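The values are calculated or read from the model by the stated rules, or taken from the named source; none is laboratory data. This structure is a prediction, so every number in the text was calculated from the model and none was measured. Don't worry about glycine lacking a Cβ; one is built from the backbone with ideal geometry, like all the others, and counts go over all protein chains shown. Keep in mind that these areas ignore ligands, DNA and RNA; they rest on the heavy atoms of the full protein, side chains included. Shrake-Rupley method; radii C 1.70, N 1.55, O 1.52, S 1.80 Å.
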Amino acid sequence: MNGYTFGPWPVDLHEQSEQKKREESALDKKLTPLEIDYTENTGVFHGAFTSRYATTLYNCECEDFRRRKVPCKHIYRLAMELELF
């Protein structure tokens, strides 16, 4: 998954070890989206502490994204579902 980007994120961000872990987590079957809107490039995922996380390529309602402000596993999974890499 090298050399790709989506949303506002620079390519080199995805090469960081913490981001690689999130990419791998995004492949888990448990992270299958509840909904994907291919026109708007948005998705809805089952959340750990809330019933749903609304996700775009720029933002997610999960705590990981709110704290770090870089792609979480939900954003990576959305990008995968949208075939952006």
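Values computed for the structure shown
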item	result
Members of segment 16-61 found to be under 14 Å from Cys72 (Cα atoms) and among the acidic types (Asp, Glu), listed by number	Glu18, Glu23, Glu24, Asp28, Glu61
Boolean, Leu13 is open to solvent by less than 60 Å² (accessible area, probe 1.4 Å), of a type in the set (A, V, I, L, M, F, W, C) and over 15 Å from Arg77 (Cα atoms)	yes
First in segment 57-85 and in contact (Cβ under 8 Å) with a residue 40 or more places away in the chain, second anywhere and loosely packed, with under 15 Cβ neighbours inside 10 Å and not in a loop (DSSP other than H, G, I, E, B), Cβ under 8 Å, 6 or more apart	Val70/Leu13; Pro71/Leu13
Filter result (aliphatic (A, V, I, L, M) and assigned to a helix (DSSP H, G or I)) within segment 54-83	Ile75, Leu78, Ala79, Met80
Thr5, sole failed condition from (1) assigned to a loop (DSSP other than H, G, I, E, B); (2) in contact with an Asp or Glu (Cβ under 8 Å, 6 or more places away or on another chain); (3) farther than 18 Å from Ala54 by Cβ	(2)
Subset of segment 54-68 (residues that are out of contact with any strand residue (DSSP E or B) (no Cβ under 9 Å at 6 or more places or on another chain) and open to solvent by less than 40 Å² (accessible area, probe 1.4 Å))	Asp64
Matching residues, segment 66-85, being more than 9 Å from the chain's Cα centre (by Cα) and closer than 21 Å to Tyr4 by Cβ	Arg68, Lys69, Val70, Glu81, Leu82, Glu83, Leu84, Phe85
Number of positions in segment 26-82 that are at pLDDT 95 or above and either among the basic types (Lys, Arg) or on the phi > 0 side of the Ramachandran plot (or both)	7
Selection within segment 17-53 - surrounded by 16 or more Cβ atoms within 10 Å (Cβ to Cβ), outside any helix (DSSP H, G or I) and touching a residue at least 12 places away in the same chain (Cβ under 8 Å)	Pro33, Ile36, Asn41, Thr42, Gly43, Phe45, Gly47, Tyr53
